[in-house]
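The values are calculated or read from the model by the stated rules, or taken from the named source; none is laboratory data. Since the structure is predicted, the reported quantities are computational estimates derived from the model, not experimental observations. Cβ placement follows ideal geometry from the backbone for every residue including glycine, while neighbour counts extend to all protein chains displayed. Ligands, DNA and RNA are stripped out before the accessible areas are found, and what is left, the full protein with its side chains, is counted by its heavy atoms. Shrake-Rupley method; radii C 1.70, N 1.55, O 1.52, S 1.80 Å.
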Amino acid sequence: MVTVRLIGVSDKTEKKSRSFSLPPKLVAYVQAAPLALILGFFLALPILMIAIVSFWDYDFAQMYPGFVTFNYGETLGSWVTWQTYLNTLKFAAIVWAITLFCGFWVAYFLAFHIRTTTMQMVLFLICTVPFLTSNIIRMISWIPVLGRNGLVNGALVNMGIVPAPIEWLLYSDFAVVLAMVHLYTLFMVTPIFNTLMRIDKSLVEAARDAGATSWQILWNVIIPLAKPGIAIGTIFVVTLVMADFSTVQVMSGGQSASVALMMKNQMSLLQYPAAAANAVILLALVLLMVAGILRVVDIRKEL
């Protein structure tokens, strides 16, 4: 009798446990809920607060909650603001082009000319060595190199190539672009290298057996298959350049401007609603650019 009762109790327990089981579709949502809460609290909520503050009024001392649109009117109606946005887009386009050219060839060399996986990883890790220091240190390290009495000007003058130091090497748009290329090239190398490593080498061999030249293989086989990595690298580089203010401020010597630097100056003057309006416009612009990239290239295979 005791044995029979124990079996009955266990059966009831199993029935109760089965009654509380979640549907398979709901299980996935429950598993994603913690990450969704974290992203909602630390990403969506701050963006929502910035959008709300962009409609507030302000003066030299404080902000006044309300709903006004002159922050956007002053931002979009100012020619200086348009010039600043165009200057930021110019930096983004130039840095993107240079990082794409340099990053693709570095990734191509690692993926197709280095035979062993161990050596590929070693060389790739060497590329990441600069990331052991902060962006600020790597950026300001260019000042003693490009300065009027720096290494480059000293070498050019001593060799008689130029009669006097070149002024535009530092505190110019050239210095800004050079520092950004140095900072962000690896963000282009990594996704392209990851994509090239997934290409089946038999496709390259088949194209070579069919009589295709190296450039034809590159243009018709490798580059089309590398488009997802190029798109991801483009998103990384463009968004980083659009949000960078420290490089523009330091390397241009205050002679150039960007949207992020303009927002930083507005916040230093306690003009938080105006800076929030600029942040919303910049976010919308970046999202439009990312959406355009995703319309052209399907990156789901890389995710």
| Single residue of the stretch 16-69 satisfying the filter (of a type in the set (Phe, Trp, Tyr), at pLDDT 90 or above and open to solvent by less than 70 Å² (accessible area, probe 1.4 Å)) that is farthest from Asn278 (Cα to Cα) | Trp56
| message | I'm trying to understand the selection: among the residues of the stretch 142-177, which are outside any helix (DSSP H, G or I) and either touching a Gly at 6+ places or on another chain (Cβ under 6 Å) or under 19 Å from Val95 (Cα atoms) (or both)? | response | Trp142, Leu170, Tyr171, Ser172
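Conditions (1) of a type in the set (Ser, Thr, Tyr); (2) open to solvent by 20 Å² or more (accessible area, probe 1.4 Å), marked per residue:
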| site | (1), (2) |
| --- | --- |
| Leu151 | no, yes |
| Gly154 | no, yes |
| Leu170 | no, no |
| Phe187 | no, yes |
| Thr190 | yes, yes |
| Asp200 | no, yes |
| remark: When Pro224 is run through (1) within 27 Å of Val129 (Cβ to Cβ); (2) without any contact (Cβ under 8 Å) to a residue 40 or more places away in the chain, the failure sits at (1)
| said: So if I check each of Asn153, Asn135, which one is within 18 Å of Leu261 (Cα to Cα), at pLDDT below 90 and in the same structural domain as Ile235 (by the TED database)? | reply: Asn135
| message | Yes or no: the stretch 285-299 includes at least one residue that is part of a helix (DSSP H, G or I), more than 20 Å from the chain's Cα centre (by Cα) and without any contact (Cβ under 8 Å) to a residue 12 or more places away in the chain. | response | no
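May I ask you to list the residues in the stretch 202-220 that are part of a helix (DSSP H, G or I) and open to solvent by 30 Å² or more (accessible area, probe 1.4 Å)? If you could, list the steps in order and put the result at the bottom.
Taking the stretch 202-220 as the starting set, the residues that turn out to be part of a helix (DSSP H, G or I) are 202-209, 214-220.
Across the stretch 202-220, the qualifying residues are Ser202, Leu203, Glu205, Ala206, Arg208, Asp209, Ser214, Trp215, Gln216, Trp219, Asn220.
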| query | Which members of the stretch 262-283 meet the condition of being free of Cβ contacts under 8 Å to residues at least 24 places away in the same chain, open to solvent by less than 50 Å² (accessible area, probe 1.4 Å) and among the small types (Gly, Ala, Ser)? | reply | Ala275
| Filter pass, Trp142 being assigned by the TED database to the domain that holds Arg198, open to solvent by 80 Å² or more (accessible area, probe 1.4 Å) and not aliphatic (A, V, I, L, M) | no
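Could you please find all residues in the stretch 247-278 being in a helix (DSSP H, G or I), under 24 Å from Val177 (Cβ atoms) and out of contact with any Asp or Glu (no Cβ under 8 Å at 6 or more places or on another chain)? Quick ask: steps written out before the conclusion?
Let us first name the residues in the stretch 247-278 that are in a helix (DSSP H, G or I), namely 247-251, 259-268, 272-278.
When the remaining residues are screened for being under 24 Å from Val177 (Cβ atoms), the result is 247-251, 259-265, 278.
Correct list: Thr247, Val248, Gln249, Val250, Met251, Val259, Leu261, Met262, Met263, Lys264, Asn265, Asn278.
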